[in-house]
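Heads up: the structure comes next, in structure tokens.
All of the numbers you see were taken from the coordinates with simple rules; none came from a lab. Just so you know, these numbers come straight off a predicted model, no measurement behind them.
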Amino acid sequence: MTVTTDAQQCEAITIEDVDFARLYRNHMVRSGRAPKPASEWDARVRAGGMCRSKSSGYAAAFLSRMDLRGARTLLDVGCGPGTICLPLAGRLERVYGLDYSAAMLEALCGEAAQQGIENAVTIHRAWEDDWSDVPVCDIAVASRASNVADLDAALDKLSAHARLRVYMTHLVGGHFMDPAIADVLGRRHQGFPDYIYVLNLLHRKGIHPRVDYIEIPSRLAGTDSFAAFAARVAWTYPDLEQAERDRLRAWYDADPGRAAQGGAPMRWAFIHWEKTT
Ligand SMILES: C[S@@+](CC[C@H](N)C(=O)[O-])C[C@H]1O[C@@H](n2cnc3c(N)ncnc32)[C@H](O)[C@@H]1O
């Protein structure tokens, strides 16, 4: 029998041997939270939960990093209410917003009508659906919309639908809330797969993207009382027990400045690449 030591095993493995697509899928399963169904996004937009993009400065930060030179069309995947595609409609011939949430697309159409935008087209579709009739555009975008079960397949689709450039953002660190708060509650869980998977998967495809970071205030930032703060925490943990509330209160009172900021800010990796012919 041959005994292999850890050191020997490590020597036999290089990064070339790692199946990042599978690693990502495993990580997503481990996170214990399957990607949301469209109905959850429908409910969220109907409850007015998608209004923070403008006020947080996220959309402006994304848009200011884009290069539209030579572009006439844009495909915005997981477009939501049109956060990225609508502000660009005036500079392009046509923008397409693709999303699997009908309510998101209704919100996009409502916003477009309000702003007198007539060149925005919606496509009711999921990442996982057949995209053979989805137009290939000069630019493809996926803003905060790549938390999918199969990232490798999604990246292939996104890249194949761009002639000039691709822009996307993916979460840094895998948590939508400062993990210190989950620790206080005793509810720390495996985060979502973070952006490093995107880089490794793209590298495997021979794509070497540029990376920047967009930092926005925590979604818990800006409250002026513990009740308001706890109500925000309840978006993520609706079933807080009294003992958990008490610990949260202690965390809140311990450092009012930190509490007002809602803990650590949120960071998105802004990842983009040029298509080469
Ligand atoms: C966090 S929102 C981002 C919306 C917008 N791109 C932005 O940055 O404000 C995620 C969006 O992706 C959509 N989405 C999530 N999973 C999807 C899937 N599998 N197929 C299509 N759209 C999806 C949701 O409906 C939602 O509109």
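With Cα atoms as the point set, the chain shows a radius of gyration and Dmax of 20.6, 75 Å. Across the chain, C-alpha contacts under 8 Å between residues 6 or more apart give a mean separation that, scaled by the residue count, equals a relative contact order of 19 percent.
For segment 222-261, treating each Cα as an identical point scatterer without solvent, what Debye log10 I(q)/I(0) comes out at q = 0.33 1/Å? Values returned for q = 0.33 Å⁻¹ are -1.23. Restricting attention to the chain, the count of lysine pairs at 8 or more positions apart or across chains with alpha carbons under 20 Å apart stands at 4. Shape annotation for segment 55-121: C-alpha extents along the principal axes are 31, 28, 22 Å, from largest to smallest.
In the elastic network of the chain, a GNM with C-alpha springs shorter than 10 Å, the most mobile of GLU241, GLU106, GLU40 is GLU241. Where only DSSP H runs of four or more residues are counted, the chain gives -11500 deg cm²/dmol as its mean residue ellipticity at 222 nm, each run worth -39500 (n - 2.57).
If amide hydrogens are placed 1.01 Å from N in the peptide plane, which non-local residues have theirs closer than 5 Å to the one on SER218? Counting only residues 5 or more places away or on other chains, the set is MET266.
Here the Gaussian network model covers the chain, with springs between Cα atoms less than 10 Å apart; of SER56, SER159, SER64, SER64 fluctuates the most.
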